[in-house]
Amino acid sequence: MAEAYYRKTPQQALEAQKAAPAGLSGEEVRRRTGQYGPNKLSEGKQKSVSQIFFEQFKDLLVVILLIAAVISALSENVESTIVIFAVLVLNAILGTAQYVKAEKSLESLKAMSAPSAKVLRGGVRLEIPSADVVPGDIVLLEAGDMVVADGRILENFSLKVNESSLTGESEGVDKTAEAITAEQVALGDQKNMVFSGSLVTYGRATVLVTATGMETELGKIAALMNQTQQRKTPLQESLDKFSAKLATVIMIICAAVFLLSIFRTGMGVLDSLMFAVALAVAAIPEALSSIVTIVLAMGTQKMARQNAIIKDLKAVESLGSVSVICSDKTGTLTQNKMTPQKVYADGSLLEGDDLNLVNDVQRLLLKAALLASDATNNQQTGASIGDPTEVALVQLGEKFGVDEEAYRAQHPRLGELAFDSDRKLMSTLHDIDGVPTLFTKGAIDVLLQRSNYLLTREGPVEMTPERREAISRINMELSMEGLRVLSFGYKELPGFRPPALSDEDGFTFIGLISMIDPPRPEAIQAVSDAREGGIRTIMITGDHKVTASAIAKQLGIFREGDEAVSGVELDNMTDADLDQRLAGISVYARVSPEHKIRIVNAWQRRGSIVSMTGDGVNDAPALKKADIGVAMGITGTEVSKDAASMILADDNFATIVKAVVNGRSVYANIKNAIQFLLSGNAAGIFCVLYASLLALPVPFQPVHLLFINLLTDSLPAIAIGMEPARKGLLRQKPRDPKEPILNKSLLSRIGAQGLLIAVVTMIAFYLGYQESAALASTMAFATLTLARLFHGFNCRGDESVFRLKLSTNLYSILAFCAGVVLLLAVLFIPGLKSLFLVAASFRPANLGEIVLLAFLPTLVIQLVKVLCDLRRGK
Ligand code: ATP
């Protein structure tokens, strides 16, 4: 079928399409033809589950464990060998399950941010997920869209595309509307084609899809490269590096301990080796990297539930250190529900309701408003469709019983110059009583400058500086109330021909229509929350400076002593000027997307981590440049969504602030989980080192340490990762992105807490040692395990559990209980007892000492936290 469509000329293809049954879904087309897969690129070679499983064994630790297993077998400790192998396999299974789960969650996030496409099927216009596009579909493209399949252009309205994903060339490419002959098509001529992965930067077009998915040119390249995505975040990378460094240091210490045991204490080679192996197993944080991945994945899922779709895991980390949020006004900080307010025409300022259509000027104002817009209002349902600014105009017409459709049918649109944020104007050409008339609406500062006449009930009069001044004053008055003011003009063209941009000059000014777009109530709270958290909110808008400042004041963004700067003023500032004034500017008005890059750069020069919102095509570079590019899920173009690292499913500013809190919470949880895992490991290291230096028997067997590191420690670590975000998080200052996660204070806490646990473990060891080396080891193992389980509660946060409350993280209680059950099973179930080398002389009565000792470090740590809580005055 693809071939058949591909070979048809556009006209033939259109006919064939029209003949197709109406409203066929992509699924149905695929099912009927049995020919096409979903329109998606397969992401390189997907790893099979077995591949992922075997990759879990490519690790330094595994090599050490295998050595341990061999040594155990050599020393006729077959049980240990079996346990080590069993743990290795179990660990690999867990690792594989985590990997697959993380993949799945990334997949589901990707599906949420997948582009959609507008298609014509059987003459019906539909918006469908891009994965459902099939060859033979007619796709409607407009500025801001991403081309989702390869296709031939059927109709072209000045289409310009950026094909950099295919060619690497970032210059826009003009597409021609030339008709293509059947011969050219047969020869595979690529003129008039658009390719999947390109971005529409200008104009519109209708395209017949000829290839989808891996059949597209982009698909062919992807298949050639077959690359798998690099998914590690900076945090994961730095932790991997830390683990590798730690492993090397441990190997060196192990070698030293081994030699020391042989030469100083005269231990046998095998026993000395067991010491070295125990030390290595105790020290290497096996679960660390997978726990970080799990916590990150859980964090992104939580954010998605709260309408912030994270496209890039790295964004979760950066979010925690965001210090400046630059936000668009319309729709993000405000509701984007425009309602018409006051109107100015023929020298009088009236309430919209008082418009008098008997007055020629006022009647023409409404006519221009309805003809030069695309919004419509469904009479039956009352629902309006279109740009909210234009919807307000249609609503104004409605108040007077004027049906926009009837007006438009009476004066069909003969040509148009579409609205763009740079020009801030939109014009349409109509036949008004045989005269080709261009109606233009747009920003008053642009239109008023280009008006030579002013329409009055006596007819057009010259636009004198005084008249211009009077209109500007009215605009000021309206803008100061936070109203958006749209101005209207007309111009008679010499003949019926397509209008050009140069025609947008020499207007006759008709009047003004103002509209209100109230701030989102939740945005006011979010701005204040952000400020409390040391995060600065900056408004960036295409709207008028006075309107923007008024709204910014209502939102709490613009405060006493702040500055509002317009795009023109920004152009006149040098980078040095901007740097100097930057901290005082909280509103940028009448800016174009290009200005956003300058603003991001300036804040980044100050060392801030900047989040920038954007919805248009031209916003993409600024979104890429920002540390967190934020696109709008509802109103944003596909291009902006593609460039962003986070998408707001609800276009709401408050969601950004929520995401920042979540980013901080995820980072804090990861840090706490690391503290928990490493302090437990430190305790193990201290014990083994102490025993080796004092020539005591080895306190733990590798199986003990594996049991703790991989089972009983993993559960509380995950529970710590699920700690809910606390209110206090927003009161802290943003995290310094340059500060390493393992900073001095964290390392010293790890050392001190590790030492505390090691002390009680060695006391338990000595208690058992009075009877036998075997009981000493069992006592030490049980105490270390339980002390680390208790320690899970200490690592939930900086505050004491009395402040945090046990009930706020039920997972931590479950993890503790599960760990205790596992420990009891190992200590008392006969089969497991022998596997874990539990001393025959171990009795339930010993449990009392173990519980008491294991609880001691937590008691001390909690007391210290209570004192700190009191000092902080909470
Ligand atoms: P944001 O705050 O998100 O930047 P904005 O709506 O204020 O959005 P633009 O959409 O770029 O910014 O609009 C800039 C100006 O262009 C508006 O202040 C208004 O004067 C004018 N304008 C907006 N929409 C239209 C439209 N549909 N037709 C003509 N002029 C428009």
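What to note about this one:
- With respect to the conditions (1) out of contact with any Phe, Trp or Tyr (no Cβ under 7 Å at 6 or more places or on another chain); (2) assigned to a helix (DSSP H, G or I); (3) surrounded by fewer than 18 Cβ atoms within 10 Å (Cβ to Cβ), GLY768 falls short on a single one, namely (3).
- Within the stretch 352-372, being under 43 Å from the mean Cα position of the chain (by Cα) and away from the ligand (no atom under 13 Å from the Cβ) holds for GLY352, LEU366.
- One residue stands out among those in the stretch 589-619 that are within 12 Å of the ligand (Cβ to nearest atom) and free of Cβ contacts under 8 Å to residues at least 60 places away in the same chain: the one that is farthest from VAL565 (Cα to Cα), which is ASP619.
- When the stretch 378-421 is filtered for residues that are in contact with a helix residue (DSSP H, G or I) (Cβ under 7 Å, 6 or more places away or on another chain), within 16 Å of the ligand (Cβ to nearest atom) and not small (Gly, Ala, Ser), the ones remaining, listed by number, are LEU393, VAL394, LEU396, GLU404, ARG408, LEU417.
- Filter pass, ALA375 being within 12 Å of the ligand (Cβ to nearest atom), modelled with pLDDT of 90 or more and either β-branched (Val, Ile, Thr) or not assigned by TED's automatic domain parsing to the domain that holds GLY614 (or both): no
- THR547 being in contact with a helix residue (DSSP H, G or I) (Cβ under 9 Å, 6 or more places away or on another chain) and in a helix (DSSP H, G or I): yes
- Of the residues making up the stretch 104-134, those that are modelled with pLDDT under 70 and closer than 16 Å to GLY633 by Cα are SER108, LEU109, LYS110, ALA111, MET112, SER113, ALA114.
- Take the conditions (1) within 23 Å of LYS424 (Cα to Cα); (2) outside any helix (DSSP H, G or I); LEU570 misses just one of them, which is (2).
- Only a single criterion out of (1) at pLDDT 95 or above; (2) surrounded by fewer than 19 Cβ atoms within 10 Å (Cβ to Cβ) is not satisfied by TYR490, namely (2).
- Residues that are in contact with a Leu (Cβ under 9 Å, 6 or more places away or on another chain) and away from the ligand (no atom under 15 Å from the Cβ) within the stretch 433-454 comprise VAL435, PRO436, THR437, listed in sequence order.
- Screening the stretch 704-718 for residues that are at pLDDT 80 or above and touching a Leu at 6+ places or on another chain (Cβ under 7 Å) and picking the one that is nearest to ALA673 (Cα to Cα) gives ALA717.
- Selection status of VAL600, hydrophobic (A, V, I, L, M, F, W, C), within 16 Å of the chain's Cα centre (by Cα), outside any strand (DSSP E or B) and under 19 Å from ASP736 (Cα atoms): no
- Complete set of residues in the stretch 300-330 that are crowded, with 21+ Cβ neighbours inside 10 Å and either within 16 Å of the ligand (Cβ to nearest atom) or without any contact (Cβ under 8 Å) to a residue 60 or more places away in the chain (or both): ILE325, CYS326, SER327, ASP328, LYS329, THR330
- Within this structure, LEU333 fails the test of being at negative phi, away from the ligand (no atom under 15 Å from the Cβ) and not aromatic (Phe, Trp, Tyr).
- Highlighted here are the helices (runs of 4 or more DSSP H) found entirely within the stretch 241-320 that include at least 1 residues which are under 24 Å from LEU88 (Cβ atoms): 269-283, 288-305.
- Index of the failed condition, VAL461 passing every other in (1) away from the ligand (no atom under 11 Å from the Cβ); (2) within 46 Å of the chain's Cα centre (by Cα): (2)
- Within the option set ALA470, ALA530, ALA523, ALA564, being assigned to a helix (DSSP H, G or I), within 16 Å of the ligand (Cβ to nearest atom) and not charged (D, E, K, R) holds for one residue only, ALA523.
- Among residues of the stretch 653-676 that are closer than 13 Å to ILE535 by Cβ, those with a Cβ under 7 angstrom from a residue that is part of a helix (DSSP H, G or I) and β-branched (Val, Ile, Thr), sequence gap 6+ or separate chain, pair up as GLY663/VAL316.
- When every residue of the stretch 505-517 is checked against the conditions, none turns out to be acidic (Asp, Glu), without any contact (Cβ under 8 Å) to a residue 24 or more places away in the chain and surrounded by fewer than 19 Cβ atoms within 10 Å (Cβ to Cβ).
- The strands (runs of 3 or more DSSP E) found entirely in the stretch 135-178 that carry 1 or more residues being modelled with pLDDT of 75 or more and exposed (fewer than 15 other Cβ atoms within 10 Å of the Cβ) are 150-162, 172-174.
- Close pairs from the stretch 435-449: first in the same structural domain as LEU501 (by TED's automatic domain parsing) and free of Cβ contacts under 8 Å to residues at least 12 places away in the same chain, partner within 8 Å of the ligand (Cβ to nearest atom) and charged (D, E, K, R), Cβ under 6 Å, at least 6 apart: none
The values are calculated or read from the model by the stated rules, or taken from the named source; none is laboratory data. The structure presented is a predicted model; accordingly, all values stated were derived computationally and were not measured. Ideal geometry is used to build each Cβ from the backbone, glycine not excepted, and the neighbour counts take in all protein chains shown.
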